[in-house]
Each structure stands twice: as structure tokens, then as C-alpha cells.
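J.: Attaching a single structure in C-alpha cells format; questions to follow.
The values are calculated or read from the model by the stated rules, or taken from the named source; none is laboratory data. Only a predicted model underlies this, so the values are computations on that prediction, with no experimental measurement involved. Every residue, glycine as well, gets a Cβ built from its backbone with ideal geometry; the counts of neighbours run over all protein chains shown. To get the accessible areas, we keep the full protein, side chains included, count just its heavy atoms, and leave off ligands, DNA and RNA. Shrake-Rupley method; radii C 1.70, N 1.55, O 1.52, S 1.80 Å.
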Amino acid sequence: MRKRKPRIAVILLICGLLLALFPYVYHRYYLYTTQQEVAETEQHLIQQETQSDSVEDSDLPENLVEATGVLEIPALGLKVNVGYGVEEQDLQPGPGFYPQSQYPNRGNVSIAGHRNAHGSPFLNLHKLEAEDEIILTYRHKQYTYAVQEVFETHSRDWSVIDPTPQPALTLTTCTPIIRPPGGDYDRLIVRAKLIDIRTTD
């Protein structure tokens, strides 16, 4: 009986390590498997015919139009599709636009993503630093943002997705990566400002 206790302890330790490492391993696998989907989305955005390139900014809609985009964060080696919606089923394939988002030329574009589930696309969001670039391709225009700040707020603080007077990008995810026993998640926020707009073609 005494010999079994050390074995059980080792098994429990190994299980704990595997559980802790799972989000990181799955994250790498997720990034690898989504590259083909991202490439197809980019090709579609280049080829699709829209009126967004031929109209003045004053004629663009105030709020985001329901469409798929591509989010790229070079500092994190991240490039993923962005769907529309932030409900659980919306975020299973990857990050999603908040329906409250403004049009990129107009104001605050807000995107939610998981940090510890469904590939954990926002796993390393906390590593971003001021001036790191974030690139959003949307309706075959490429919007480049520079990170202004990374901070934490309460999980019910929805002011971060409110409209902004200047074009901005807001990324939201949960923090910490693993919820503490008996505790709850807070919200990790990345706020960036728009610095460049280009057409993808």
C-alpha cells in the first residue's frame, strides 16, 4: 500500500502538468490548422466586389456590416478569421466582431476571442506592448492599428466597446487563463489606434 502512494502522486502530477499545458499545445495546433481557412478568406476579400472602395468615408455606414474579416498580430504570430457575433457558438470557430462595433473608418471596432478554449486564439494577448501593430482586413481594405494600452477590467465592464470619437480597435478576452477556484474571470483589454488604411488589391 505504501508503494502505491508515490505512484498515485506521480500520476496526479503528470495529469496536472498535462492539464496546464493543454491550452498552449492546442493553441499551436489551432494556428496551424486555421492557416488554410485564413488564406481562403483573404482571397475572397480580394476578389469580392463591393462598393466600399468607391465611396467617400462620409457615405460609409456608421456601424459594422456583418462580414468576415482577418485579424493579424505579427508580434504574436497570430493570423485568424474573425466572424460576426460574440455568443458562445459564434466564438467556437474563432474570434468574433461585437455587433455594437462601429465601422473601421468611423470608430471603435471591438473583437472578442477565447483565451483558454476553442484553440485559444487570444492566449498570448497579454504579451502585446505599446506600438505593436495589429492588422484587420475587412471588406477588402486593410486597417493597421498601433497598440496604445493593455489593461484589465471587470467582466461586466462594457464601456470598453462603447463608440469612440476616433477610429480604434478593441480586443477583449478573459483573464486569468485558468479561473481560480471559487473565483471568476476578469476581462483583458487591448486598445489600439488606427494608423493606416490600404486596399488589399
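J.: Condition test on P176, is it surrounded by fewer than 17 Cβ atoms within 10 Å (Cβ to Cβ), touching a Phe, Trp or Tyr at 6+ places or on another chain (Cβ under 8 Å), without any contact (Cβ under 8 Å) to a residue 12 or more places away in the chain and at negative phi?
T.: Yes, satisfied.
J.: Determine whether region 101-121 contains at least one residue that is of a type in the set (S, T, N, Q), over 13 Å from the mean Cα position of the chain (by Cα) and open to solvent by 60 Å² or more (accessible area, probe 1.4 Å).
T.: Within region 101-121, none of the residues are of a type in the set (S, T, N, Q), over 13 Å from the mean Cα position of the chain (by Cα) and open to solvent by 60 Å² or more (accessible area, probe 1.4 Å).
J.: Further question: Take region 76-105 and flag every residue that is part of a strand (DSSP E or B), within 18 Å of E42 (Cβ to Cβ) and out of contact with any helix residue (DSSP H, G or I) (no Cβ under 8 Å at 6 or more places or on another chain).
T.: Correct list: V82, F97.
J.: Would you check which residues across region 123-169 are over 20 Å from V38 (Cβ atoms), touching a Leu at 6+ places or on another chain (Cβ under 7 Å) and either part of a helix (DSSP H, G or I) or not β-branched (V, I, T) (or both) and list them?
T.: H126, K127, E152, P167, A168
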